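Chemist: Encoded as structure tokens, here's the structure I'll be asking about.
The values are calculated or read from the model by the stated rules, or taken from the named source; none is laboratory data. For clarity, every value in this text was computed on a predicted model and none was experimentally measured. Note that each Cβ is placed from the backbone with ideal geometry, even for glycine, and that neighbours are counted across all protein chains shown.
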């Protein structure tokens, strides 16, 4: 599907009349539907009603969502011990329920703590920092300047991807330390 035709088709999906406390977000060919409420079974029922609207829309517009790639995730901060299994259907098939999922490069978890996202971003940046000086030495000459440019152009965007969403997680020391380690490593590599 071409970019223009897909954009216009998703616009019509976003214009559907969803119930209160339902949010549908589309970016490129990714779709996220969030439903908020209480009790959990009511949320599950309303979510399936909304999914039936999306199923009908996709049938009318001849678009098939991949039910193998589509996931369901219950986000809750409740500490009560209750059955947290939900069944959400897409094309009359139950979606796999997951504890975390990646959406637009951000790892979302069931409690929106973002620890896994921060760990993943720090690990990726650490690997990049270890690999960047090798290429800078071979082709760029001035190593310190090259590492600084690569830090600003490659490392910072990875570290800051989606920061307005997960920035609250940085109030915890263990999360901050992961990013501090990346920054220290970069300083060390630029001085070496």
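Chemist: Which ones in the range 154-170 are within 13 Å of the chain's Cα centre (by Cα) and either over 12 Å from residue 105 (Cβ atoms) or not assigned by TED's automatic domain parsing to the domain that holds residue 132 (or both)?
Modeler: 164
Chemist: Sticking with this one: For the range 80-91, which positions are loosely packed, with under 14 Cβ neighbours inside 10 Å and modelled with pLDDT of 90 or more? Spell out how you get there, then give the answer.
Modeler: First pass over the range 80-91, keeping only residues loosely packed, with under 14 Cβ neighbours inside 10 Å: 80-85, 87.
If the condition is that a residue be loosely packed, with under 14 Cβ neighbours inside 10 Å and modelled with pLDDT of 90 or more, then 87 is the only one that fits.
Residue-by-condition table, conditions (1) farther than 18 Å from residue 102 by Cα; (2) in a helix (DSSP H, G or I); (3) touching a helix residue (DSSP H, G or I) at 6+ places or on another chain (Cβ under 6 Å):
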| position | (1), (2), (3) |
| --- | --- |
| 153 | yes, yes, no |
| 158 | no, yes, yes |
| 165 | no, yes, no |
| 168 | yes, yes, no |
| 174 | yes, yes, no |
| 177 | yes, yes, no |
| 180 | yes, yes, no |
| 183 | yes, yes, no |
| 186 | yes, yes, yes |
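Chemist: Please verify whether residue 9 is out of contact with any strand residue (DSSP E or B) (no Cβ under 7 Å at 6 or more places or on another chain), more than 28 Å from residue 113 (Cβ to Cβ) and modelled with pLDDT of 90 or more, treating the condition exactly as stated.
Modeler: Working: out of contact with any strand residue (DSSP E or B) (no Cβ under 7 Å at 6 or more places or on another chain): yes; more than 28 Å from residue 113 (Cβ to Cβ): yes; modelled with pLDDT of 90 or more: no.
Answer is no for this residue.
Chemist: Going by the structure shown, is residue 37 closer than 30 Å to residue 160 by Cα and out of contact with any strand residue (DSSP E or B) (no Cβ under 7 Å at 6 or more places or on another chain)?
Modeler: Values: closer than 30 Å to residue 160 by Cα: no; out of contact with any strand residue (DSSP E or B) (no Cβ under 7 Å at 6 or more places or on another chain): yes.
No.
Chemist: Among the residues of the range 91-111, is there at least one that is without any contact (Cβ under 8 Å) to a residue 12 or more places away in the chain, in a loop (DSSP other than H, G, I, E, B) and under 20 Å from residue 38 (Cα atoms)?
Modeler: No: zero hits.
Chemist: How many of the residues in the range 19-46 are under 21 Å from residue 104 (Cβ atoms) and surrounded by fewer than 17 Cβ atoms within 10 Å (Cβ to Cβ)? Steps first, answer last, please.
Modeler: Taking the range 19-46 and keeping what is under 21 Å from residue 104 (Cβ atoms), we get 22-36.
If we keep only those that are surrounded by fewer than 17 Cβ atoms within 10 Å (Cβ to Cβ) too, we end up with 23, 25-30, 32, 34, 36.
Result for the range 19-46: 10.
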